1. Collect the residues in region 261-277 that are modelled with pLDDT under 95 and either under 28 Å from the mean Cα position of the chain (by Cα) or buried (at least 22 other Cβ atoms within 10 Å of the Cβ) (or both), keeping them in residue-number order.
2. Name the residues in region 646-664 that are open to solvent by less than 70 Å² (accessible area, probe 1.4 Å), over 18 Å from Ile624 (Cα atoms) and not in a loop (DSSP other than H, G, I, E, B), would you?
3. What are the pairs with Cβ atoms under 7 angstrom where one residue, in region 771-791, is under 13 Å from Phe149 (Cα atoms) and the other, located anywhere, is in a strand (DSSP E or B) and not aliphatic (A, V, I, L, M)? Sequence gap at least six, or different chains.
4. Would you check which residues across region 471-519 are part of a strand (DSSP E or B), of a type in the set (S, T, N, Q), in contact (Cβ under 8 Å) with a residue 60 or more places away in the chain and more than 19 Å from Arg555 (Cα to Cα) and list them?
5. Could you run through region 164-194 and say how many residues are of a type in the set (S, T, N, Q), open to solvent by less than 10 Å² (accessible area, probe 1.4 Å) and in contact (Cβ under 8 Å) with a residue 40 or more places away in the chain?
6. Closer than 22 Å to Val441 by Cα, in contact (Cβ under 8 Å) with a residue 12 or more places away in the chain, of a type in the set (D, E, K, R) and open to solvent by less than 30 Å² (accessible area, probe 1.4 Å): is that true of Asp388 in this structure?
7. One residue is enough: does region 496-508 have a residue meeting the conditions touching a Leu at 6+ places or on another chain (Cβ under 7 Å), open to solvent by less than 30 Å² (accessible area, probe 1.4 Å), among the β-branched types (Val, Ile, Thr) and within 21 Å of Ala130 (Cβ to Cβ)?
Amino acid sequence: MKNLLVLLAIILTPYWALSQTLKQNVKGQVKDEQSGMALPGSTVMVADTDPIIGTITDPDGYFILKDVPVGRQTIVVTMIGYAPATLSNIQVTSGKETYLEVDLLESVTKLDEVVISSEKDNSEALNEFAAVSARQFSLDEATRYAGAFNDVARMVTNYAGVSTSGDVRNDIVVRGNSPAFVLYRMEGVPVPNPNHFGTFGGAGGAISMISQNTLANSDFLTSAFPAEYGNVLAGVFDINLRRGNGQNREHVVQVGMRGLELSTEGPFSKNSNASYLVNYRYSTLEVFDALGLDIGVPAVPEYQDLSFKVDIPTKSKWGRFSAFGLGGLASINLNDSEVEDPEEYFNQDRPGDIYNQTRMGVFGINNDHFYSKKTSARVSLIFSNSRDTYTYDTLSSPDFTTTSRLSDGRFEEYRTSIWYKLTHKFSAKDVLQGGFLLDFVNANFNENAVVDGTYMPINDFEGNYQMYQGFLTWQHRFSDRLKFDAGYHLQYHELTESQSHEPRLGLSWDFAERQTLSFGSGLHSQTLPSYAYFISETDENGETVLKNRDLGFMRTAHLVLGYQNRFAPNWRFKIETYYQYLYDIPVESNPSYFSAINTGADFNGFPDDLDPLVNDGDGRNLGIELTLEKFFSNNYYALLTASIFDSKYEGSDKIERNTAFNRNYVFNLLGGKEFRVGRSGNKTFGLNGRVNWSGGAPYIPIDQEASQAEGQQVYDYDRAYEDRYSDYFRLDVKFSYTLNKAKVTHQVSLDIQNLTNHENLFRENYNVETDSFTQEYQTGLLPEFQYRIMF
């Protein structure tokens, strides 16, 4: 009988253990939102727990909540003299400790005691100087949305005012602007394009290098930026990397169609909070191809990337040091010589073999320190490199089986940057912030091509230049309900001797309970991709000259008005209307349709076969955006966005046209629900969906007769962007399953893009071999599976 009981206990132990309520630690730090100073003595507790789970922050503002039940939890943070913060639906898993960074805003009106009466708006930007067109996004959103594939750029296409330019890449269009007008910052400093297979000088690519395993809460801004943001016209990703666990070592293994990822983090020493976080990813498709498995794609993308962050807090006057890095390699062969059916050529207009390789790397060192309790500074030193190389061997007529070199090129840039930002908090009412960014650039561009039957250099340059930016911002809070921001940004381009003076204004007024009016305006400017300044030509004296070297900044003026109503807990309605005037846009010196405002429409780099450019073009974007959002609570969320806009421009021919990105309307509807399974609630099933409908993209039609006569694709530029492709429609669904066990969490997901296999026309091509037109469509039905284990 005794032996039988022992055997029964062994058999039932796994099921008994699984039915127990699993617990995990929640850690973090509480700081003053305006000064960044740690707030010791803050109260942190888990809502609705009995007995209460709570603690007080230590002298450095750190806290640990022990034995928090696994699942969605609400964390409440209070401090006398500060507005309370309620962080809803924080996901606690058994396989990984949760780390929170909480900022509290000092109240202008002093109270004798703190009453927990408000919940922190989950969408409120981390940057306290952003009054309009800005929102915070979290790791939870980046991994939850259907069709986002854990990519922050694809995720933000669900927000009002943002649309995609194509399924196969994550270039985004913000309020009708070019994807090239988007800026990426990481850890507070500008970085090169952090996407695999991106075009040089662009801001998108096929696959993001930013991993969900390293992402912390970050900001996305679409207009009227605070003064610290420079050299950008349309949108800003302000990406933050999270700190590694400073007490325990944790690991993640992740396998999916987009890569095999390994992540590890932990302390350097048990005696300090110093930590490391490292993530590495390798192309899954490349692994399958190496194993001889047929993966059903005509060209196998090869890529790998590495990201890390090292965080070293000190108790000395030197404050906190951190180092971060991101780097990636990618290559692909698009060989028409290996394609049997001409209608399946990668390059319909001029069949050939293309090899493309991209490389990007950035390494930065930050130091955050306090001169006093009210004055803090960040100093950063950043080194970055980006390179894009290609070769293009065209297939020769009439048999289209032999190749000859048509062109090749290398575009490379090394950049050393120094960033300094000083913040002084005079009081709860007044904060002053200022700083500068110094960029020292080494550029190396080489391009060869066949010209009049002769293979020859067409661009060959190596040189150095500098760019300087400075800013000053003042925020005054008249009360806890009304704040005003005034700023000034200055930038100077040493190569072209261009300078830009840019005032910025912002206002936010909570004029009634849960209702806010906002206003933002400002001037902004941006350079062209650096290689555009070094495109050469031969002058009348036979000398090689840089034909675009004297180009000045592209410039824009933003004006935004907004209204938000948080009409119920976890619900909000928001409306924004905007007007953007773009001017000094580069156009050709001779009359033509061309404008740099359309850069990136075809995913190619800046063209080099144009007449000399002049800053004589302009354009305008205007629109209205609606957002109805239910933040995640009670195990579900919903988001409805509508964008109605018009985007026009004039080239040097002075004819007003649609921009290449003028879709006129974009609608998104998405939502999802989690179902906790079992008595212990340690299993969670998730169902998420998304519907996207937008207007068709304008395009330049192909001149059929001219194409037939010349034997290659010829465009009818006189009709540029008059016609549109048909509307775009896509339905995505995502299924997920999470299983928490003791010290281990398993997550499985299936993300299905374009569930109905709707045919969205991407572009039309002329096939020179078949003398016919072919249609190229966006991505059809595409399932992506992912498995993730945290331990």
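The values are calculated or read from the model by the stated rules, or taken from the named source; none is laboratory data. Because the structure is a prediction, the values reported are computed rather than measured. Cβ placement follows ideal geometry from the backbone for every residue including glycine, while neighbour counts extend to all protein chains displayed. Areas reflect the complete protein model, heavy atoms only, side chains present, ligands, DNA and RNA absent. Shrake-Rupley method; radii C 1.70, N 1.55, O 1.52, S 1.80 Å.
1. As a first pass, look at region 261-277 and keep what is modelled with pLDDT under 95: 268-274.
Hit for region 261-277 is Ala274, nothing else.
2. Within region 646-664, the subset open to solvent by less than 70 Å² (accessible area, probe 1.4 Å) is 646-653, 657-664.
Next cut, over 18 Å from Ile624 (Cα atoms) only: 649-653, 657, 660.
Passing the criteria: Tyr649, Glu650, Arg657.
3. Close Cβ pairs (under 7 Å, with a partner that is in a strand (DSSP E or B) and not aliphatic (A, V, I, L, M)) amount to Leu782/Gln753; Glu784/Gly256; Glu784/Asp751; Phe785/Gly256; Gln786/Gln254; Gln786/Gly256; Gln786/Ser749.
4. Taking region 471-519 first, the residues part of a strand (DSSP E or B) are 471-477, 482-493, 498-512, 515-519.
Still in the list and also of a type in the set (S, T, N, Q): 473, 475, 491, 498-500, 508, 515-516, 518.
Remaining after also requiring in contact (Cβ under 8 Å) with a residue 60 or more places away in the chain: 473, 475, 491, 508, 518.
Thr473, Gln475, Ser508, Ser518 - these are the residues of region 471-519 that are part of a strand (DSSP E or B), of a type in the set (S, T, N, Q), in contact (Cβ under 8 Å) with a residue 60 or more places away in the chain and more than 19 Å from Arg555 (Cα to Cα).
5. Keep residues of region 164-194 that are of a type in the set (S, T, N, Q), which gives 164-165, 170, 177-178, 193.
Still in the list and also open to solvent by less than 10 Å² (accessible area, probe 1.4 Å): 170, 177-178.
Filter once more, keeping what is in contact (Cβ under 8 Å) with a residue 40 or more places away in the chain: 177-178.
Residues in region 164-194 being of a type in the set (S, T, N, Q), open to solvent by less than 10 Å² (accessible area, probe 1.4 Å) and in contact (Cβ under 8 Å) with a residue 40 or more places away in the chain: 2 in total.
6. Values: closer than 22 Å to Val441 by Cα: yes; in contact (Cβ under 8 Å) with a residue 12 or more places away in the chain: yes; of a type in the set (D, E, K, R): yes; open to solvent by less than 30 Å² (accessible area, probe 1.4 Å): yes.
When the stated conditions are applied, Asp388 passes them.
7. Taking every residue of region 496-508 in turn, none turns out to be touching a Leu at 6+ places or on another chain (Cβ under 7 Å), open to solvent by less than 30 Å² (accessible area, probe 1.4 Å), among the β-branched types (Val, Ile, Thr) and within 21 Å of Ala130 (Cβ to Cβ).
Conditions (1) over 26 Å from Tyr665 (Cβ atoms); (2) in contact (Cβ under 8 Å) with a residue 60 or more places away in the chain, marked per residue:
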{"residue": "Glu710", "(1), (2)": "yes, no"}
{"residue": "Asp718", "(1), (2)": "yes, yes"}
{"residue": "Asp732", "(1), (2)": "no, yes"}
{"residue": "Phe735", "(1), (2)": "yes, no"}
{"residue": "Leu750", "(1), (2)": "yes, no"}
